[in-house]
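Worksheet for the structure shown next.
The values are calculated or read from the model by the stated rules, or taken from the named source; none is laboratory data. The structure displayed is predicted, hence computed values, not measured ones. Note that each Cβ is placed from the backbone with ideal geometry, even for glycine, and that neighbours are counted across all protein chains shown.
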Amino acid sequence: MTITITAFEHSPDGGRGLARDTRVRWALEEVGQPYKVRLVTFKALKEPAHRALHPFGQIPTYEEGNLALFETGGIVMHIAERHAGLLPHHANARARAITWMFAALNTVEMPIVELSTVMLLERDKPWYQERLPLVEARVRDCLGQLATRLGDAEWLDGPFSAGDLMMVSVLLRSRSSGILDEYPNLAAYVARGEARPAYKRAFAAQLAVNAGT
Ligand SMILES: N[C@@H](CCC(=O)N[C@@H](CS)C(=O)NCC(=O)O)C(=O)O
């Protein structure tokens, strides 16, 4: 069955791989599933046809036969459950990998997104200078604890899993702040994710859209 995802026609990051279609592309590449991409403009995101797929008017979405999904957590979980390669078979290890997916989205991505919001949208606000260090401290607090847990391990819990895919994707969004590099083991963990052939294919595919090649 054909899989179709949506992505920005022009991503605000210009193809740095930070738009959230990249993590879905990566998951599909890891499990070897071909997919098509429907590009959408910012205007089209908010129109009824797209909102029928995504109630919040965002990318990415995922269509497969009569199934339509939104939210990268739900999409990557679906891919990982349907195809081998992203979740361990053993029930407890599988539950832990899923837990890491939730931790990435619900614990780690939240302060990182807050920091990007402050840096992008609040720079001209009177509270910016006071607020920025507070939000940066929240990111450091979170990344510091994650770095301690990861230690010298290659991945978060045994072999690479959907939990790592999501965590690396989320951490990538903190790199431009410089904070990721304050934690060398996390920076190396992210680099290991980026070195995976499936990630490289996903990155190249989204870059081709944004570079117009
Ligand atoms: N929690 C959602 C977030 C989706 C999201 O924020 N998508 C961004 C692109 S990375 C978007 O569509 N932004 C445009 C907008 O919100 O208008 C997920 O993980 O899928």
Please go through segment 23-39 and give me each residue that is more than 9 Å from the ligand (Cβ to nearest atom) and either β-branched (Val, Ile, Thr) or touching a Pro at 6+ places or on another chain (Cβ under 7 Å) (or both), ordered by number. Val31, Val37
All but one of (1) outside any helix (DSSP H, G or I); (2) within 25 Å of Leu28 (Cβ to Cβ) hold for Ile112, so report the exception by its number. (1)
May I ask you to list the residues in segment 107-124 that are free of Cβ contacts under 8 Å to residues at least 40 places away in the same chain and surrounded by 11 or more Cβ atoms within 10 Å (Cβ to Cβ)? Thr107, Met110, Pro111, Glu114, Thr117, Val118, Glu122
Within segment 51-75, restricting to residues that are assigned to a helix (DSSP H, G or I) and out of contact with any strand residue (DSSP E or B) (no Cβ under 6 Å at 6 or more places or on another chain), the one that is farthest from the ligand (Cβ to nearest atom) is Arg51
Considering only segment 146-169, I want to know if a residue exists there that is under 23 Å from Val118 (Cβ atoms), out of contact with any Phe, Trp or Tyr (no Cβ under 9 Å at 6 or more places or on another chain) and either of a type in the set (S, T, N, Q) or assigned to a helix (DSSP H, G or I) (or both). no
If you take the residues of segment 142-189 that are touching a residue at least 24 places away in the same chain (Cβ under 8 Å) and among the acidic types (Asp, Glu), which of them is surrounded by the most Cβ atoms within 10 Å (Cβ to Cβ)? Asp164
Can you find a residue that is over 24 Å from Leu146 (Cα atoms), at pLDDT 95 or above and either buried (at least 20 other Cβ atoms within 10 Å of the Cβ) or of a type in the set (Asp, Glu) (or both) anywhere in segment 37-44? yes
Out of curiosity, is Leu18 over 16 Å from Tyr199 (Cβ atoms) and outside any helix (DSSP H, G or I)? no
Taking segment 190-213 only, how many residues are exposed (fewer than 13 other Cβ atoms within 10 Å of the Cβ) and of a type in the set (Ser, Thr, Tyr)? 1
